[in-house]
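K.L.:
Could you have a look at this structure, given as structure tokens, before my questions?
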Amino acid sequence: MAISTTSIIVFMLLSTTIPTQASGSGSGNSNATDLMVEACKNASINSYVKTVPENFCLSTLQSDIRSIKAKDLHDLVLIAMDIIKFRLTSASAMVKKMLQNAKKGTVRMRVLRFCEVDYEEMASILNICDAMIRNYQGYKGNMRFEELASCVFDAYHPAGACEDELQDMPEEAALFKENTELQMLVRMGSNFLVPMAVP
């Protein structure tokens, strides 16, 4: 294990993080609206499980031009889900490409295979949650908004399992960084849902 080395590398990389723009979102770096600022402030203070840095939250939303057109928190949550799924697709593609050069019977192969499975599980969970959020009818649908936050956070666990595996591959700092940001994005999406109670 090389936990300390990997953690230091990731900390250095995250200090200069600029989230990748979601596909089809138009030009990024939009100005932050009051809705975006309030949502990110809440996500950095109140959380379903763990908070996220306000600047990370804002820069993530600003990377998608649709954010400035969001009318309410529900719109913002759906945009956040699109960003999460896009970044997950990127991470999965990174793993699949790395697998092409991984030798059988090696630690590298084992780690990448497990992360591949983790990301597939993560994608399935996010698709279920996305459908639940889009069809959310408040208490009229007999579903509490906390259930939505819990659903999204369930996607955190596969990413956490991949992170544990990646401790054995400290040389792959880029993938570790991508996985760490995925976890932060999931926390952000989950935190957005906490105050989204529709009477």
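K.L.:
Please state the relative contact order of the stretch 71-199 as a whole percent: Cα pairs under 8 Å, 6+ residues apart?
P.N.:
Relative contact order of the stretch 71-199: 35 percent.
K.L.:
Work out from phi, with θ = phi - 60° and the Karplus expression 6.51 cos²θ - 1.76 cosθ + 1.60, the ³J(HN,Hα) of each residue of the stretch 97-103, listed in order in whole Hz, and give x for Gly and Pro.
P.N.:
5, 5, 5, 4, 10, 7, 8
K.L.:
Which GluC sites (Glu not before Pro) does the stretch 76-164 hold that lie in a coil by DSSP with at most 14 other beta carbons within 10 Å? Can you show the working numbers first?
P.N.:
On the way: sites: E116, E120, E121, E146, E147, E163; in loops: none.
Taking the stretch 76-164 and a limit of 14 other Cβ atoms within 10 Å, no loop GluC sites (Glu not before Pro) are found.
Taken together, the values in this text are just the output of simple stated rules run on the coordinates, not laboratory data. Worth saying up front: this structure is predicted, and the values here are computed from it rather than measured. Note that we place each Cβ from the backbone using ideal geometry, even for glycine, and neighbour counts take in every protein chain shown.
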